[in-house]
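All remarks here apply to the structure that follows.
The values are calculated or read from the model by the stated rules, or taken from the named source; none is laboratory data. From a predicted model like this one, the values you see are computed outputs, not experimental measurements. Backbone-built Cβ (ideal geometry, glycine too); neighbour counts: all protein chains shown.
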Amino acid sequence: MQALKAEGVKTIFGYPGGSIMPVYDALYDYTRGNKKAFDHILVRHEQAATHAAEGYARVSGEVGVALVTSGPGATNTLTGVADAMLDSTPIVVIAGQVPIGALGTDAFQEVDLVGLAQPISKWSYQIRHAEDIAWAVSRAFYIARSGRPGPVVLDFPKNAQLEMVEFEPEKVNFIRSYVAYPKLDPEAVRKAAELINNAKKPLALVGQGVELGNAQNELRAFLEKADIPAGRTMLGLSALPSTHPLNVGMLGMHGNYAPNIKEQECDVLIAIGMRFSDRVTGNTKTYAKQAKVIHLDIDHSEIDKNVKTDVAVIADCKESLPAITALLQKGNHQEWRDSFKPLMEKEHDKVIEPAIHPKEGPLLMGEVVNAVAEATNGDAVLVTDVGQNQLFATRYFKYPNKRSICTSGGLGTMGFGMPAAIGATFGAPGRTVVSFSGDGGFQMCIEELGTIMEQQAPVKMILMNNNYLGNVRQWQDMFWKRRKSFTRMHNPNYELIAQGYSIPYQAVVDRKDLKAAIEKMLATDGPYILECAILEDDDVLPMTPPGMNVDDMLLEINV
Amino acid sequence: MCNDMEEKKLYTLLVYSENIAGILNQITAVFTRRQVNIESLNVSASSIPGVHKYTITAWSDEDQILKITRQIEKKIDVVKANYFTDEQLFIRESGLYKLSTPMVLENPEISRTIRRFQANIIEVNPTYTIVQMHGVTEDIISLFRALDTFGCVLQYTRSGRIAVTRGMQEQVSQFLEERENG
């Protein structure tokens, strides 16, 4: 407890069990009275504890903490650990374990958590004795939050929980084998600046690294000085305000048309804190072959992993961006920037306008997201689940403020949305948290309605129900001869479910009721479920079909 | 698919890590994830106190071995990982050959072969004779093939590769020194 307190932990998402009882017993004192140091949020499933910790971390920039028991408690966290690994989210999972004397005996609720977690975590460690606690906890938080952040798993055998030692605070902020912040190479900086200064058609790709490095201002200064248009990855959406004149939209399979086309035309591509995910690049054999590639990343192993780099600047972008900016000449790429406009207009006319302002027919996801974005004035934190809801939400939401997007990008974890939104309400208590889900993902961690009820966590849940696993349904229609194999959902009565948890609920079927319903939701204190009846075959567009070239992006489906 | 077509070479990785349980697992997992077989593996304490050295060989192409190396080096408790081709290293392996003593005595060609390969006889008893040889992979295998033609080999084993670099710089100790001195 004292070790957690020393690391500045305020909120713990957890679920007790046999092998973690000594910790929970101590927690009893630390969550009440004059010894109170933490809020403990009792979740309803350990997977949700990790997603809530992720949501907390993503909006606050602090390390999220999950506390669970051994065996199934520990294995249930693995999805969240893998999710945090792929999305570079700093969380620490502390799991109970059987006493070390019982390890390897197939004892009740024993599982080799360190072995299981190693390939999907930044660090996993077993605290075998109480005298290791201060060191291991401090090292865990240092590793989770420093460099490229990520999940750390601490496996905590019961004997070590019970041993009594005098607490001697330790502060780990150096590990000789781990270079959290690589030293900036001035030669790489010079080469990068030279390429940018000579570029006629530069294009920046902005990733979550900018948010993680808290370099939003440095990014703007960099882009503005050299006059470089910038596309953002899904996780990097709020690294640059949506309204910024140099913002040219979202990258990727369902991103905006202009940046995807222009990636194949630019002469210098500047990737900043992003990892060239396959969802961004499409076919890497044809991706941006005409361009010189500059890659700014804190993680050496990302360089040349998916796309070959001409200049790699391996450092925290908070440091590398200003260093490059200092060497840049004031740029003017008006003509190049203007060339994005016809593409943007084309997408606007063909895709965006029909999606956000339809005139007839059932509700569309795009218009729901757009209406919520307008009603919240862009002040809200967007949390999404995974699937069409995520693609529509990330496309049509607005991001004037940093750290405003929380979605499962790398792992694509359905069920992420609801628990992550709970975490976000604790991580950003002053902000409105809206969470978009489909009818599939809403049911994947639906038990967390219990946590929301108990905590009165003010999550504004927008359930976009099309009675389908919509994204898979869309792919079946496009690529699998419309054979809708097990994507039709037989759904429960969500109003009754909301009632069961005493959560205010409203359904919207007619377009004319949408605006008022959203306003009512936002005006209601505490949690709220807004169920929108969505057109069954609403498709996300545009789309680069999987494995295709990035500029083979479709604005319409021809079937 | 396409990668399999590229020319594969035997690469040697030299990995230095802290002496903490579970590191070997983390290192081999990087290979497993890409379904790359480890040809040979040797782990021992290095000349630096508290630091273990892993010598790993695997067939791969350069693109893949580079990614594997960087992903290994990314592990928190791995100090350094580098990959090399054979020309960049001094390489040694050992072979042990357990031969039938009666057959060795019966056929003088066997002793001549052992001498020709500059291998040593390290133990003889009435039942078996132990021969040891240090060298590069091909020589150790060649001796086995030669002895095997006499039908005298009872057991044979070859060690993992150990290697030191030909370069002038001692990267790992330098790196650690720089780290410790900030």
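Scanning the range A:119-130 turns up no residue that is over 25 Å from the mean Cα position of the chain (by Cα), basic (Lys, Arg) and away from every other protein chain (no Cβ under 13 Å). Screening B:THR127, B:THR149, B:THR85, B:THR137 for residues that are closer than 23 Å to B:THR28 by Cα, among the β-branched types (Val, Ile, Thr) and exposed (fewer than 14 other Cβ atoms within 10 Å of the Cβ) leaves exactly one candidate, B:THR85. Kindly indicate whether B:GLN118 is assigned to a loop (DSSP other than H, G, I, E, B), under 21 Å from the mean Cα position of the chain (by Cα) and not assigned by TED's automatic domain parsing to the domain that holds B:CYS152. No; evaluated as a whole, the condition is false for this residue. Does A:ILE175 satisfy being touching a Phe, Trp or Tyr at 6+ places or on another chain (Cβ under 9 Å), within 14 Å of chain B (Cβ to nearest Cβ), touching a residue at least 24 places away in the same chain (Cβ under 8 Å) and β-branched (Val, Ile, Thr)? Considered against the rule, which asks whether it is touching a Phe, Trp or Tyr at 6+ places or on another chain (Cβ under 9 Å), within 14 Å of chain B (Cβ to nearest Cβ), touching a residue at least 24 places away in the same chain (Cβ under 8 Å) and β-branched (Val, Ile, Thr), A:ILE175 comes out as yes. Scanning the range A:207-227 for residues that are outside any helix (DSSP H, G or I) and surrounded by fewer than 24 Cβ atoms within 10 Å (Cβ to Cβ) returns A:ASN214, A:ASP227. Taking only pairs six or more apart or across chains, which ones have beta-carbon atoms under 9 Å, a first residue in the range A:302-313 that is within 16 Å of A:LYS191 (Cα to Cα), and a second residue that is acidic (Asp, Glu) and in a loop (DSSP other than H, G, I, E, B)? Pairs found: A:ALA312/A:ASP185; A:ALA312/A:ASP304; A:VAL313/A:ASP185.
Note on the range A:345-430: enclosed helices (runs of 4 or more DSSP H) holding 1 or more residues that are in contact with a strand residue (DSSP E or B) (Cβ under 6 Å, 6 or more places away or on another chain) and closer than 28 Å to A:ARG511 by Cβ are A:365-375, A:388-396, A:417-427. Of the strands (runs of 3 or more DSSP E) contained entirely in the range A:39-157, those carrying at least 3 residues that are touching a residue at least 12 places away in the same chain (Cβ under 8 Å) and of a type outside the set (A, V, I, L, M) fall at A:123-126, A:151-157. Close contacts from the range B:8-36, counting a first residue that is over 27 Å from B:GLU170 (Cβ atoms) and a second that is assigned to a strand (DSSP E or B) and modelled with pLDDT of 95 or more, with Cβ to Cβ under 7 Å and a gap of 6+ residues or different chains, come to B:LYS8/B:TRP59; B:LYS8/B:SER60; B:VAL36/B:ALA58; B:VAL36/B:SER60.
Do the conditions hold for A:ALA517, that is, is it touching a residue at least 12 places away in the same chain (Cβ under 8 Å) and among the small types (Gly, Ala, Ser)? Here the answer is yes, as A:ALA517 does meet what is asked. Of the numbered criteria (1) within 14 Å of another protein chain (Cβ to nearest Cβ); (2) more than 29 Å from B:LYS53 (Cα to Cα), the one B:ARG179 fails is (2). Taking the range A:22-38 as the range and being assigned to a helix (DSSP H, G or I) and either of a type in the set (Gly, Ala, Ser) or touching a Phe, Trp or Tyr at 6+ places or on another chain (Cβ under 8 Å) (or both) as the test, the residues that pass are A:VAL23, A:ALA26, A:LEU27, A:TYR30, A:GLY33.
To keep it simple, each residue is scored yes or no on (1) charged (D, E, K, R); (2) more than 14 Å from chain B (Cβ to nearest Cβ).
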residue: A:ASN256; (1), (2): no, yes
residue: A:GLN264; (1), (2): no, yes
residue: A:VAL280; (1), (2): no, yes
residue: A:THR284; (1), (2): no, no
residue: A:ILE298; (1), (2): no, no
residue: A:ASP310; (1), (2): yes, yes
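Surrounded by 24 or more Cβ atoms within 10 Å (Cβ to Cβ), of a type outside the set (Phe, Trp, Tyr) and not in a loop (DSSP other than H, G, I, E, B): does that describe A:SER19? When the stated conditions are applied, A:SER19 passes them. Please specify each residue of the range B:57-91 satisfying the condition of being more than 10 Å from every other protein chain (Cβ to nearest Cβ) and either farther than 20 Å from B:GLN171 by Cβ or of a type in the set (Phe, Trp, Tyr) (or both). Result: B:ALA58, B:TRP59, B:SER60, B:ASP61, B:GLN64, B:TYR83, B:PHE84, B:PHE90.
Could you say whether any residue in the range B:28-36 is closer than 23 Å to A:SER146 by Cα and at pLDDT 95 or above? Scanning the range B:28-36 turns up at least one residue that is closer than 23 Å to A:SER146 by Cα and at pLDDT 95 or above. Got at least one residue in the range A:189-205 being among the polar types (S, T, N, Q), more than 23 Å from A:GLY410 (Cβ to Cβ), at pLDDT 95 or above and assigned by TED's automatic domain parsing to the domain that holds A:ILE261? Yes, because at least one residue in the range A:189-205 is among the polar types (S, T, N, Q), more than 23 Å from A:GLY410 (Cβ to Cβ), at pLDDT 95 or above and assigned by TED's automatic domain parsing to the domain that holds A:ILE261. If the condition is being within 23 Å of A:ALA323 (Cβ to Cβ) and assigned to a helix (DSSP H, G or I), then the range A:158-190 contributes A:PRO186, A:GLU187, A:ALA188, A:VAL189, A:ARG190. Taken as a whole, the range B:33-49 holds at least one residue that is on the phi < 0 side of the Ramachandran plot, surrounded by fewer than 19 Cβ atoms within 10 Å (Cβ to Cβ), out of contact with any strand residue (DSSP E or B) (no Cβ under 9 Å at 6 or more places or on another chain) and not in a loop (DSSP other than H, G, I, E, B).
Residues in the range A:178-214 that are among the small types (Gly, Ala, Ser) and more than 14 Å from chain B (Cβ to nearest Cβ): A:ALA188, A:ALA192, A:ALA193, A:ALA199, A:ALA204, A:GLY207, A:GLY209, A:GLY213. Only residues that are among the basic types (Lys, Arg), part of a loop (DSSP other than H, G, I, E, B) and exposed (fewer than 12 other Cβ atoms within 10 Å of the Cβ) were counted across the range A:460-515, and they come to 3. Being over 19 Å from A:VAL381 (Cβ atoms) and in contact with a Gly (Cβ under 6 Å, 6 or more places away or on another chain) is a property that A:LEU67 has. Can you confirm whether the range A:25-34 contains a residue that is surrounded by fewer than 16 Cβ atoms within 10 Å (Cβ to Cβ) and closer than 30 Å to A:GLU302 by Cβ? For the range A:25-34, residues surrounded by fewer than 16 Cβ atoms within 10 Å (Cβ to Cβ) and closer than 30 Å to A:GLU302 by Cβ: absent.
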